[in-house]
Amino acid sequence: MPPSRALRRHTSDGGVQFLNSRTFARNSRSSSVESSVTAGREASEPAEYRDDEVIDLDAYEADLASPGLLQAGELPLESFRLACGTVIRREDLIQIRPFSLGAYKVEFVLVKIIAQDRAGTKKIRGVPLARSRTLAGTLPKKINEISMILHVQRLGNVAAQPHLVDVGPGLIEERRTLILTNSLYRDQPYNPWASFQNIEEGDPRRRMVELHGHLVCRWKLVIYFTPHGRTGRPEETAFERVLESEVRQQQHRESEGLICERWRGGRIRGGSWRPNAFGQKYTLFDSFSGAGGVSRGAQSSGFHIQGAVDKSPEVWDTYRLNFSTELFKMSIDEFILATRDRIIRPDVLHLSPPCQFFSPAHTHVSANDDTNIFALFSCHTLIDKLRPRLITLEQTFGITHDRHGHYLSRLIGDFTELGYSVRWKIVRLAAWGLAQSRKRLIMIAAGPGERLPPFPDDTHSETGAGGLKRFTTVRQAISGLRRGDDLHNVASTKHHYPPRPRLNADGLMGTITTGGGEAYYPDGTRDFTLREYACLQGFPQNHRFSGNITSIRRQIGNAFPPNTVQVLYRHLNDWLLKEDGISGVGPPRNTHVVTVDDDDVVDSEDVMEVSRGSQQSSFGVGSLPEMEDIIAIDAASGSSAFIDLT
């Protein structure tokens, strides 16, 4: 299900319109149809959408407010009686004649407002919902399970209330019974029709249940977009579980702590590394770990690396040079089998399955295509094995393209089937400090009983406006290197005679690939050294590599840049501390100290001396790993930071 889908304008007597809610409150505007935007068209119309299509904002104001407000000239009604005699009230669920809302088939509306304009025309205004089985496999296809479809407009860093749809009386078919719950389907389904799941699609009993049975909502599909002039493009998408606080009826509400306990045995506030001790940390399990880019960035953000797995022999020595944690030298399925008698519960799991098959640069069949696809789908089994509180995933943005859309849908479905909320977007990593124009698909997921974190705010921009830093340049990324540094042998690099065209050293470079591509030193006289490649890929200068030139270059190019991982994982560390009711992330950040986990074995070659004049040497952008070993107790809560929350 590609995230870029369009909404089209549409006019029809008594039809459906897509409304922004501030329009309701603007007294200067009329209540005409032109102050709304269409949510969809009749289902019988052809619906062809392309990734380059945009959300049409032409017919309404771009700013939003509470969805409970009315348009000018409208009066709120307590109820509305259909021709059949059924009375509709606020918070009722109504079934309507299906229409297309971008890529989604809407069949239901949760009523938020019943309005009547000056002409006496009545409108039902509310939240659109679709059957889970129509969402391209992104949600489990359970009978009578439905999901909200929420379009949320962002203004700066602030997200407004979701848009509503305006339904004419002619589209309403009947009132339905809705069960809104935060429980997982497998725990307490609250679905009286669960026994009908195995009945074939054509069975008349199944059809009767779908037409008249109770409907259950556990999920919200949220599409975030930012307006650009009179148009807008989806920039982030999320499937979020309904929260305990959103469930009104006690009999359908479950404690999130109980849900978490059922799923993973509970959570340890402050982190599962060294609970009840000084230096307590959250833990990471790094899968498809490669040369350790994620482990390096997460460790510098205060995480303890609990374990790693990678089946590629060429990265094993590099990983062992940098981390003493347990490295499983095997594939994911072999890891599952080898640890079948062990309970491993990291706080966070990272997934970086091989991405070559989904890359935009992949234009011909490769012998490794099936292996890469299998690795992507092994993530489901790994998640079920480790059951982390949070998950991060990094992939090529090519998986969002139409030709790979079914793989993305399947991947999202692997998260939601296990009860994980998940959000995803394409991130320009320069906005997180990388000196490249590299773009990656980043996902964050939260397990049963956990709230879904947002993405971290950008740290860099092209202009440096709004208190951000300017993009890290090529010059800044490699300026800390000195002759004689490890892997920085300028004489051994390929030199160009005559020199190649000069490049701008005070800008971003293109994406570093596993082969090095066309990248070369800005003055055009030579290629980059391996250490320069590593710095441009966000590695600190103390990260060591093992292998020949081709292997090391491949290890560097395949890595999730550690300095951008640091931005993401520092944000997640702060989020978990906040969720656990713990304040204080540790002592003031000291950019002159390198921290090493106490269980790491350090020899003389592992020690790096850092002077106050060489801060640039860390991640190539002036930030060494942090010393964040102190966890403070939230005095306001009056509770221990180290007890099990459940």
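In the stretch 404-460, what residues are among the charged types (D, E, K, R), more than 25 Å from GLU579 (Cβ to Cβ) and touching a residue at least 24 places away in the same chain (Cβ under 8 Å)?
ARG410, ARG438, LYS439, ARG440
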Seminar exercise, completed: ILE305 meets each of (1) buried (at least 22 other Cβ atoms within 10 Å of the Cβ); (2) outside the structural domain of TYR420 (by TED's automatic domain parsing) with one exception, condition (2)
For this session: May I ask you to list the residues in the stretch 161-180 that are surrounded by fewer than 17 Cβ atoms within 10 Å (Cβ to Cβ) and within 35 Å of the chain's Cα centre (by Cα)?
Result: THR177
Seminar exercise, completed: When restricted to ARG118, ARG97, the only residue assigned to a loop (DSSP other than H, G, I, E, B) and either over 29 Å from PHE415 (Cα atoms) or among the basic types (Lys, Arg) (or both) is ARG118
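Is it the case that some residue within the stretch 412-431 is at pLDDT below 90 and surrounded by fewer than 21 Cβ atoms within 10 Å (Cβ to Cβ)?
no
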Problem set entry | Top-ranked residue of the stretch 560-586 - restricted to ones that are modelled with pLDDT under 95 and of a type outside the set (Val, Ile, Thr), ranked as surrounded by the fewest Cβ atoms within 10 Å (Cβ to Cβ) | GLY584
Exercise. For ARG206, are the conditions met, namely being more than 33 Å from the chain's Cα centre (by Cα), on the phi < 0 side of the Ramachandran plot, modelled with pLDDT of 70 or more and assigned to a strand (DSSP E or B)?
Worked result: no
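Got a sec? Which of GLY480, GLY510, GLY484 is over 14 Å from the mean Cα position of the chain (by Cα) and without any contact (Cβ under 8 Å) to a residue 60 or more places away in the chain?
None of the other options fit; the residue is GLY484.
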For this session: Please name all residue pairs, on different chains or six or more residues apart, with Cβ atoms under 6 Å, provided the first residue is in the stretch 332-345 and is assigned by TED's automatic domain parsing to the domain that holds LYS385 and at negative phi and the second residue is among the hydroxyl-bearing types (Ser, Thr, Tyr) and modelled with pLDDT under 95.
Result: ILE332/SER378; ILE336/THR381
Exercise. Taking the stretch 101-110, which residues are surrounded by fewer than 23 Cβ atoms within 10 Å (Cβ to Cβ), modelled with pLDDT of 90 or more and touching a Phe, Trp or Tyr at 6+ places or on another chain (Cβ under 9 Å)?
Worked result: LYS105, GLU107
Exercise. For ASP458, which of the numbered conditions (1) under 22 Å from TYR533 (Cα atoms); (2) buried (at least 16 other Cβ atoms within 10 Å of the Cβ) fails to hold?
Worked result: (1)
Seminar exercise, completed: Taking the stretch 510-532 and keeping residues under 19 Å from ARG440 (Cβ atoms), out of contact with any Phe, Trp or Tyr (no Cβ under 9 Å at 6 or more places or on another chain) and buried (at least 16 other Cβ atoms within 10 Å of the Cβ) leaves THR511, THR513
Exercise. In contact with an Asp or Glu (Cβ under 7 Å, 6 or more places away or on another chain) and assigned to a loop (DSSP other than H, G, I, E, B) - does that describe any residue in the stretch 504-512?
Worked result: no
Problem set entry | SER183 being hydroxyl-bearing (Ser, Thr, Tyr), surrounded by 21 or more Cβ atoms within 10 Å (Cβ to Cβ) and in a loop (DSSP other than H, G, I, E, B) | yes
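The values are calculated or read from the model by the stated rules, or taken from the named source; none is laboratory data. Everything numeric here is computed off the predicted structure, so don't read it as measured data. Glycine also receives a Cβ, built like all others from the backbone with ideal geometry; neighbour counts cover every protein chain displayed.
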